[in-house]
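Peer 1: This structure is in structure tokens; I'll ask about it shortly.
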Amino acid sequence: MRGPPLVPMIHLIEAAEKPVVAAVEGVALGGGLELALGCHYRIAHSKARLGLPEVTLGLLPGAGGTQRLPRLIGVPAALELITTGRHVTAAEALQLGIVDEVTDHSAVDAAVKFAQSVAGKSLDARRISTYLCPRSPDLAEIFEKAMKEVRRSARGAIAPVTCVQAVHASVTLPYAKGMERERELFSTLFTSGQAHALQYYFFAQRAVSRWSTPSGARWDTSKPRPVRKAAVIGLGTMGRGISVSLAQAGLSVVAVETQEKQLLEAKQAVSGMLERSAKRRGVPLADDKIKYNCSVQAVADVDLVIEAVFEDMALKKTIFQQLSGICKPGTLLCTNTSGLDIDELASQTQSPELVVGMHFFAPAHVMKLLEVVYGPRSSPEALATAMEMGKKMGKVSVAVGNCRGFVGNRMLKPYLEQAFFLLEEGATPEQVDQVLEEFGFAMGVFKVSDLSGLDVGWKVRKADGLVVPGSTGKSARIRGGSRYSPLGDLLCEQGRFGQKTGRGWYQYDKPGGRVAKPDPWLHGFLEEYRARHGLVARRIDHQEMLERCLYALINEGFQILQDGIAAGPEDIDVIYVLGYGWPRHRGGPMFYAGLVGLDKVLERLEHYHQVYPDVLGLKPCSLIRKLAASSSPPIHRWREFIQKPRSQL
Ligand code: NAD
């Protein structure tokens, strides 16, 4: 049975002649807070949390929240809460004036007592809808600034912008008219594809915790092991962030680094990270949780090890051999490799069932994503333990199968490849990046490459035998019968590694600089490169740039589903939103493919593959064909069309 509609009910409560006191015992989010704002008084338990998170689902608070909150706490504070969806603690709510009293005891008992104390008092000054919004001379400026800020950070998401418009109505219109405006704006959002995408994404994030593998291991039948003490091997970029995450999760950490200079630097960096984080989150400093060591022998008694040394298979193999001999029986051995074979590492140990990948994203103490990679021999218990550890560290863990690049980096390859081909055909890095940023990516592909370091991919391509220095003629752009662009390799040969060297696809004012500027040298280099290879530059329209980059990535996503590497499209979408800057309001690449229409994506892939038959990544995979041929079922039914792959676990 459905309850009474919220808005009339809130109006009834507010109009009541007897005092109504809201008791907020746990959370009052969205409609709950809107209801409380309709009451004459609000009492909260000290552990309660309050907020209007509708914006995160592509909506706005549509039961008077945008009209009452600014009247109660003023425009700037209301704008901040409504446009970000941030939850506040009871203490902050009291400070802001959202609640009248905070109690450490039962909020209901306190509310009853409070109601008795105000019984008989006039309620005239307690009905928020009758308040005038606090006005200040700089109100126009405040709205202008807020609008600018949301447009910048929303990257194409319409809900935050619409929230500002709704709050604006609370200042410029009488309450009843403001409510009409709120309703109008709410329905615009409700029927927009963005709200649908964000709600899909919200449930996708929950769905990934209910993991399963092709062999039938599952989240609800696999028990994680207790982990109290962990070790990190290698304290470079990743190892430092991982150590911080582990310590903040309450674990004792043994941090091992063999290079003395690196060890000293790491100690300082980790202390700083922990301090800043403790301040930001208002939690005790976890500095004493980490013990540093320069010998791997120090990890003998830990329950879990995360290896984060250079991306070098030979080195990692040696370390896994050592760990297997040093660690107590039952220690889980994890690697943070970006894409190397987990099974090859497992085969170096006496207990391959205890080896899994824990693929963090940089900066590891900030980024929410963790790809947990199971190899063919990883035990369900090992997988469950790594998934649980991720959760403890505040990450969203996604279980994925073992293959080159796992899910995220495997999909990145055809995407990057298309970006390189577009340069060969006449585009500039600025043009490609602009198209991707207009789509909603936090950064275009070339800016991201400059940030992560061009040398990273170069090393991997060298190890794969793809880099052939000085090669000319047709063979320079072909590898294994497929089109290949050596552009990234050529830049690295020039010492252009991106931000770290001050030059990459863009130029920066100094090594380590952050502001990307177009580089005339690079443009000249591209012209010279095209001339050398007989390539004629053409004007490439935005749609082609976007389609080729995104559809190549999506096609790989379908191949990943078909191969059983990801259990479902939700897993891929969560990985792309949390780890690769895919705009959340577009749901993730697989959701987006469904929104565009699988038949349309297929038709465009077929078209581009016809034009570029030597580009394997553009050849539509059989799963997308199958789905399109079955009238493109909704995304929650795609799993029914995936043939069960071979058992992996
Ligand atoms: P890095 O070069 O910053 O750090 C590696 C550290 O390992 C160095 O400090 C080095 O001295 C240390 N080391 C080398 N051999 C060692 C040994 N035998 N014992 C102890 N320490 C040793 O590398 P990184 O960027 O932190 O990458 C580490 C791993 O994480 C790689 O496998 C990489 O592919 C993966 N990864 C990196 C990123 C990223 O963005 N940097 C993201 C995800 C995964």
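The values are calculated or read from the model by the stated rules, or taken from the named source; none is laboratory data. Quick caveat: nothing in here was measured; it's all calculated off a predicted structure. So basically every Cβ, Gly included, is an ideal-geometry build from the backbone, and we count neighbours across all protein chains shown. Surface areas here come from the heavy atoms of the whole protein model, side chains and all, with no ligands, DNA or RNA. Shrake-Rupley method; radii C 1.70, N 1.55, O 1.52, S 1.80 Å.
Peer 1: Evaluate segment 419-519: find the radius of gyration of its Cα atoms, find its Kirkwood radius, and give the ratio Rg to Rh.
Peer 2: 0.98
Peer 1: Here's another thing I want to ask about it. Report, by chain and number, residues whose modeled amide H sits under 5 Å from the one on Val24, excluding near sequence neighbours (fewer than 5 apart, same chain).
Peer 2: Ile43, Ala44, His45
Peer 1: Send over a whole-number figure in Å² for the accessible area per residue of segment 509-635, probe 1.4 Å.
Peer 2: For segment 509-635, the per-residue accessible area is 42 Å².
Peer 1: Determine the share of the chain's accessible area contributed by carbon and sulfur atoms, expressed in whole percent, with a 1.4 angstrom probe.
Peer 2: 55 percent
Peer 1: Can you tell me the relative contact order of segment 1-81? Whole percent, Cα pairs under 8 Å, sequence separation 6 or more.
Peer 2: This gives 26 percent for segment 1-81.
Peer 1: For the chain, find the longest principal axis of its Cα atoms and tell me its angle to the long axis of helix 408-425, 0 to 90°, nearest 10.
Peer 2: Tilt of helix 408-425: around 70 degrees.
Peer 1: Can you tell me the length gained on complete extension of the stretch Ala442 to Arg514, counting 0.36 nm per residue apart and subtracting the Cα distance?
Peer 2: Taking 0.36 nm per residue and subtracting the Cα distance, the gain is 24.5 nm.
Peer 1: What do you get when you divide the Cα radius of gyration of segment 521-588 by 2.2 N^0.38 Å, with N the number of residues?
Peer 2: Cα Rg divided by the expected 2.2 N^0.38 Å: 1.56.
Peer 1: Let me ask another. Could I get the Rg over Rh figure for segment 178-217? Both from C-alpha atoms, Rh via Kirkwood, rounded to two places.
Peer 2: 1.35
Peer 1: Could you state the angle between the C-alpha long axis of helix 175-190 and the longest principal axis of the C-alpha atoms of the chain, as a value from 0 to 90 degrees rounded to the nearest 10?
Peer 2: Once rounded, one gets 20 degrees.
Peer 1: Right, here's the next one. Could you please tell me the mean projected area of the C-alpha convex hull for segment 14-165, averaged over all directions and given in square nanometres to one decimal?
Peer 2: One quarter of the hull surface, i.e. the mean projection, equals 8.8 nm².
Peer 1: Output the 0 to 90 degree angle, nearest 10, between the alpha-carbon long axis of helix 107-118 and the longest principal axis computed from the alpha carbons of the chain.
Peer 2: It works out to around 30 degrees.
Peer 1: Efficiency by 1/(1 + (r/R0)^6): what FRET value for Ala531 and Lys261, r their Cβ-Cβ distance, R0 = 41 Å, to the nearest 0.05?
Peer 2: The pair Ala531/Lys261 has a calculated efficiency of 0.35.
Peer 1: Okay, moving on. Normalised by the residues of the chain, what does the relative contact order come to in percent, with Cα pairs under 8 Å and at least six apart?
Peer 2: 11 percent
Peer 1: I've got another one for you. So how far apart, in nm, are the two label points at Arg404 and Val112 if each is 7 Å from Cα heading toward Cβ?
Peer 2: 6.9 nm
Peer 1: Could you size up the charge dipole of segment 426-543 around its Cα centre, putting +1 on the beta carbon of Lys and Arg and -1 on that of Asp and Glu, and report it in debye to the nearest 20?
Peer 2: Taking the Cα centre of segment 426-543 as origin, the dipole is about 400 debye.
Peer 1: Could you work out the relative contact order of segment 430-518? I mean the mean sequence separation of Cα pairs under 8 Å and 6+ apart, divided by the number of residues, in percent.
Peer 2: Across segment 430-518, relative contact order equals 24 percent.
Peer 1: Sticking with this one: Taking amide H positions as placed in the peptide plane 1.01 Å from N, state which residues far from Met358 in sequence (5 or more) or on other chains have amide H under 5 Å from it.
Peer 2: Those lying under 5 Å, H to H, from Met358 are Thr335, Asn336, Thr337, Val373.
Peer 1: Considering the dipole of segment 154-260 built from charges on the beta carbon (Lys and Arg +1, Asp and Glu -1) around the Cα centre, which of Tyr200, Ile158, Thr188 is farthest to its positive end?
Peer 2: It is Tyr200.
Peer 1: Hey, another quick one. If Rh is defined by the Kirkwood formula over all Cα pairs and Rg also comes from Cα, what ratio Rg/Rh do you get for segment 117-233?
Peer 2: A ratio of 1.22.
Peer 1: Across the Cα atoms of segment 269-347, what radius of gyration and what greatest pairwise Cα-Cα distance (Dmax) are found, in Å?
Peer 2: Answer for segment 269-347, Rg first and Dmax second: 15.3, 43 Å.
Peer 1: Still on this structure, I have one more. How large is the accessible surface per residue of segment 208-338, computed with a 1.4 Å probe and reported in Å² as a whole number?
Peer 2: 48 Å²
Peer 1: A further question on this structure: On the principal axes of its Cα set, how long, how wide and how thick is the chain? Give whole Å, largest value first.
Peer 2: On the principal axes, the chain reaches 89, 61, 53 Å in Cα extent.
Peer 1: Any idea what the dipole of the chain comes to, in debye rounded to 20, about its Cα centre with Lys/Arg Cβ at +1 and Asp/Glu Cβ at -1?
Peer 2: I would put it at about 420 debye.
Peer 1: Determine the alpha carbon to alpha carbon distance for each of Lys462/Lys517; Lys368/Lys447; Lys392/Lys517 and list only those over 32 Å.
Peer 2: Lys392/Lys517
Peer 1: Positive end of the charge dipole of segment 88-174 (Lys, Arg +1 and Asp, Glu -1 on Cβ, about the Cα centre): tell me which of Ala93, Ala107, Ala169 has its Cα farthest that way.
Peer 2: Ala169
Peer 1: Suppose every K and R has +1 on its Cβ and every D and E has -1 on its Cβ; what is the size of the dipole of segment 312-440 about the Cα centre, in Debye to the nearest 20?
Peer 2: Computed about the Cα centre, the dipole is about 800 debye.
Peer 1: Can you give the FRET efficiency for Ser209 and Glu640, using 1/(1 + (r/R0)^6), R0 = 25 Å, r = Cβ-Cβ distance, to the nearest 0.05?
Peer 2: Working from the Cβ atoms, E equals 0.70.
Peer 1: Right, next: I need the P(r) histogram for segment 518-649: all alpha carbon pairs, bin width 10 Å from 0 out to the longest distance, whole percents.
Peer 2: 11, 36, 29, 16, 7, 0
Peer 1: Is the shape of segment 296-383 best called rounded, prolate or oblate, per the rule: a/c under 1.5 gives rounded, else a/b larger than b/c gives prolate, else oblate, with a ≥ b ≥ c the square roots of the Cα gyration tensor eigenvalues?
Peer 2: Cα axes put segment 296-383 in the rounded bin.
Peer 1: Let me ask something else about it. How do the peptides 547-553, 387-393, 308-314 rank, highest first, by the average count of neighbouring beta carbon atoms within 10 Å per residue?
Peer 2: 547-553, 387-393, 308-314
Peer 1: How long are the semi-axes of the equivalent ellipsoid of segment 574-649, defined as square roots of 5 times the Cα gyration tensor eigenvalues? Whole Å, largest first.
Peer 2: 20, 18, 15
Peer 1: Just going by the charge dipole of segment 389-481, with Lys and Arg at +1 and Asp and Glu at -1 on Cβ, which of Gly481, Val396, Leu412 is farthest out on the positive end?
Peer 2: Val396
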